[in-house]
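Quick notes on the structure that follows.
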Amino acid sequence: MILDDNLVSIDHVQLSSGVITGEAIALTSLFKPGRHHEAIPMNVSVSSDVKGGTQITLSLQQADSKDGSFIEVDGSELIVTVDNMEPGTNIGWRYLPSGVTKQWIKIVATPGGTFTGGTLFAAIVRDDEMPYSEGLYLDRGVDYS
């Protein structure tokens, strides 16, 4: 995955620190970014040392300027339980939601329960990362046994 520091909202912040409000990301070259003609990939992931907690509630906020008043993007809230958190894989939105109509966004994460370990990463990314998983690849033909 190729990253641009300007597009990272949450950079490996400890889940034990409470509500995490990411840095503002500029999408100022796009008019209504979530409705752009090409989908804009995102990545939200946790580290391998996640311990404790029950869930993370993710949401997106948007504003007209970096220092403006950020409001929640309608329909952007996601609740991810710890059972569905595989370290290093995207647990958030695959693409920027169509409800994003302003040029500045922030990602907000609200941990549920008491996390004692692990970090969170969230960014707009260059590539749509969809790694292969079991059953999506062949390494030696079909086994009919």
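The values are calculated or read from the model by the stated rules, or taken from the named source; none is laboratory data. These numbers were taken from a predicted model, which means no experiment stands behind them. Ideal geometry is used to build each Cβ from the backbone, glycine not excepted, and the neighbour counts take in all protein chains shown. The protein model used for the area step is the full one, side chains on, heavy atoms only, and it has no ligands, DNA or RNA in it. Shrake-Rupley method; radii C 1.70, N 1.55, O 1.52, S 1.80 Å.
Kindly check whether there is at least one residue in region 95-107 that is on the phi > 0 side of the Ramachandran plot and out of contact with any His (no Cβ under 7 Å at 6 or more places or on another chain).
Taking region 95-107 as the starting set, the residues that turn out to be on the phi > 0 side of the Ramachandran plot are none.
No, region 95-107 contains no residue that is on the phi > 0 side of the Ramachandran plot and out of contact with any His (no Cβ under 7 Å at 6 or more places or on another chain).
Kindly indicate which of Ile71, Ile40, Ile91 is more than 25 Å from Thr116 (Cα to Cα) and touching a helix residue (DSSP H, G or I) at 6+ places or on another chain (Cβ under 8 Å). Result of the check over Ile71, Ile40, Ile91: Ile40. Between Phe115, Phe121, which is in contact with an Asp or Glu (Cβ under 8 Å, 6 or more places away or on another chain), over 13 Å from Ala39 (Cβ atoms) and aromatic (Phe, Trp, Tyr)? Selected residue: Phe121, the only one of Phe115, Phe121 that is in contact with an Asp or Glu (Cβ under 8 Å, 6 or more places away or on another chain), over 13 Å from Ala39 (Cβ atoms) and aromatic (Phe, Trp, Tyr). The set of residues in region 44-60 that are open to solvent by 40 Å² or more (accessible area, probe 1.4 Å) and at pLDDT 95 or above comprises Thr54, Gln55.
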